[in-house]
Amino acid sequence: MKTVGIIAEYNPFHTGHKYQLDQIRQKLHADYIVIAMSGDFVQRGTPALFSKHVRARMALSCGADLVVELPVSVSTASAEGFAKGAVHLLSGLGVTDVLCFGSESTDTQLLMELARILLREPEPYRQLLTKNLKDGLSFPAARSNALTLYTHNPQLATLLSKPNTILGIEYCKAILSLKSSIHPYALQREGSGYHDTDLSDTFPSASGIRTRIFKEPLACFQDLIPSPSFSIFKKAIEEGLYLKESDLDPLYRYRLLLETPDSLQQYLDMNEDLARRICTCAWEYSTFTEFAAKVKTKNMTQARIQRALLHALLQIRHTPSDFHYARILGFRKASSSLLSQIKKRGSMPLLSKAADAALLLPPTENNLFQETVFASNLYQTMLSQKTGQPFIHEYSQPVVVL
């Protein structure tokens, strides 16, 4: 049995994601594909467009066998925390042989070598990184420049400017640091770039779809969303079962009324300078994106600021170094034998019912799980208020089975 893992947000699931699933079947001859997916909030510090249950159903309809959920403090962490938590989850299942990720570079050996440098942090590299940060570069830019100079490889500058390659290196780092038996496999990323909003390509970017989704007729997306999942996509849009960043604006205004520079610093991704800037500008809050841009500085990315704001809203204080449970969001009936293998070989319990967490998990793990339950209940609350549909508590959400 060969099982391939994917770490994803699917925000939303599109033809590029279907292409990856198909390539894994063809090139890696996978018997099963397991998705470690972000829940209702994603790494850019925003709510996912669709709920985790909708996105899991889209993935399963297009060939995934099992979808498990990343804890919210992992799915909204920095690239390093996101990658490490996701690799930890896939390793803990006990069945994952290969981690496949899309990348602008398919030289997996090179990505692993860069990951080793970042883990060891040789003194010359560390000095270059420190100098770049003192010069005011953001951490991603400072690290990219330091790696390029340290390796004397000018071609790395272009490579390290690509979001998917950067994340791929973080996956390799996580595999090395966790001493995981999982093998990385970089699959050539096809189609639009990560931030490209042009929808003319066969494989669009998720950000392009999110940017244009409310400006174009739904029929325009029929070639961009795989046919098995298009009906799910269409139904969610037509019934208003989606959240925009601005839908949380009243909650952010309320949260900022409660916080002080000192209290804000307890949350993940928040330092003293950012906390003071946020409190100074709090009365000028208009929309989430505009406010994040207002408090942005040249040495801090907007994504980092958005994550910090979200962590304050959800009251997330740290990313767990490890965790010991796997929450099932959905699976295919034909893949039920995979669940049996995980139960035999995995190092963490499988949760199919959220309400079972208190029985199956020790207090520390259950507290971590409840953090995710709170985030999903908040997401569902906003959906309910927006659509007028009944609120569904996380404990009542059924597993998606196809």
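The values are calculated or read from the model by the stated rules, or taken from the named source; none is laboratory data. Not measured: the values here are computed from a predicted model. Note: ideal-geometry Cβ built from the backbone for every residue, glycine included; neighbour counts use all protein chains shown. These area figures cover heavy atoms from the full protein model, side chains too; ligands, DNA and RNA do not enter into them. Shrake-Rupley method; radii C 1.70, N 1.55, O 1.52, S 1.80 Å.
Extents of region 1-140, largest first, come to 49, 33, 28 Å (Cα atoms, principal axes, whole angstrom). Taking only the C-alpha atoms of region 247-402, the Rg (one decimal) and the largest Cα-Cα distance, Dmax (whole number), read 19.0, 56 Å.
So which trypsin sites (Lys or Arg not before Pro) in region 45-100 pass both tests, a DSSP loop state and at most 16 other Cβ atoms within 10 Å of the Cβ?
Numbers: sites: LYS52, ARG55, ARG57, LYS84; in loops: none.
Within region 45-100, no trypsin sites (Lys or Arg not before Pro) qualify (loop, at most 16 other Cβ atoms within 10 Å).
In region 297-402, the portion of solvent-accessible area held by carbon and sulfur atoms comes to 53 percent [1.4 Å probe, whole percent, DNA, RNA and ligands not counted].
Scattering from region 202-253 was approximated by placing one identical point on each alpha carbon and applying the Debye formula without solvent; log10 I(q)/I(0) at 0.22, 0.28 1/Å stands at -0.88, -1.24.
Along region 353-359 the Karplus relation, 6.51 cos²θ - 1.76 cosθ + 1.60 evaluated at θ = phi - 60°, assigns HN-Hα couplings of 10, 4, 5, 7, 4, 5, 8 Hz to successive residues, with x for each Gly and Pro. Oblate is the label for region 174-284. Its Cα gyration tensor axes, ordered a ≥ b ≥ c, give a/c of at least 1.5 and b/c at or above a/b.
Among all the lysines, which ones have a C-alpha under 28 Å from LYS234's C-alpha, if same-chain residues fewer than 8 places away are not counted? Correct list for LYS234: LYS18, LYS52, LYS215, LYS244, LYS333, LYS353, LYS386. Using a probe of 1.4 angstrom and keeping all protein chains present, the accessible surface of the chain works out to 43 square angstrom per residue. Taking ARG253, ARG304, ARG345 and ordering them by how much accessible surface each has at a 1.4 Å probe, largest first, produces ARG345, ARG253, ARG304. Over the chain, the ratio between the Cα radius of gyration and 2.2 N^0.38 Å evaluates to 0.96. Shown for region 220-281 is the translational diffusion coefficient from the Stokes-Einstein equation, using the Kirkwood radius over Cα pairs, a temperature of 10 °C and a viscosity of 1.306 mPa s: 107 µm²/s.
Between the alpha-carbon centres of region 1-40 and region 264-303 there is a gap of 35 Å.
Highest average first, the peptides 3-11, 278-286, 100-108 ordered by how many other beta carbon atoms sit within 10 Å of their residues are 3-11, 100-108, 278-286. Evaluated at q = 0.09, 0.11, 0.18 Å⁻¹, the base-10 log of the normalised Debye intensity for region 67-204, with identical point scatterers placed on the Cα atoms, takes the values -0.29, -0.44, -1.11. Calculate I(q)/I(0) for region 301-362 by the Debye formula, one identical point scatterer on each C-alpha and no solvent, and give its log10 at q = 0.11, 0.19, 0.27, 0.28 Å⁻¹ to two decimals. Scattering profile of region 301-362, log10 relative to I(0): -0.43, -0.86, -1.15, -1.19. Within the chain, DSSP assigns beta bridges of which about 20% are antiparallel (rounded to the nearest 5).
Restricting to DSSP H runs of at least four residues, report the calculated mean residue ellipticity at 222 nm for the chain, -39500 (n - 2.57) per run over all residues, nearest 500 deg cm²/dmol.
Theoretical 222 nm ellipticity from helices: -15000 deg cm²/dmol.
Residues in region 315-320 carry Karplus couplings, in order, of 6, 8, 9, 7, 9, x Hz; the curve used is 6.51 cos²θ - 1.76 cosθ + 1.60 with θ = phi - 60°, and Gly or Pro positions show x. Note on exposure: PHE41, PHE391 ranked by accessible area (1.4 Å probe, complete protein assembly) read PHE391, PHE41, with the most exposed listed first. Across region 224-333 the C-alpha pair distances fall into 5 Å bins from zero in the proportions 2, 10, 17, 18, 13, 11, 12, 10, 5, 2, 0 percent.
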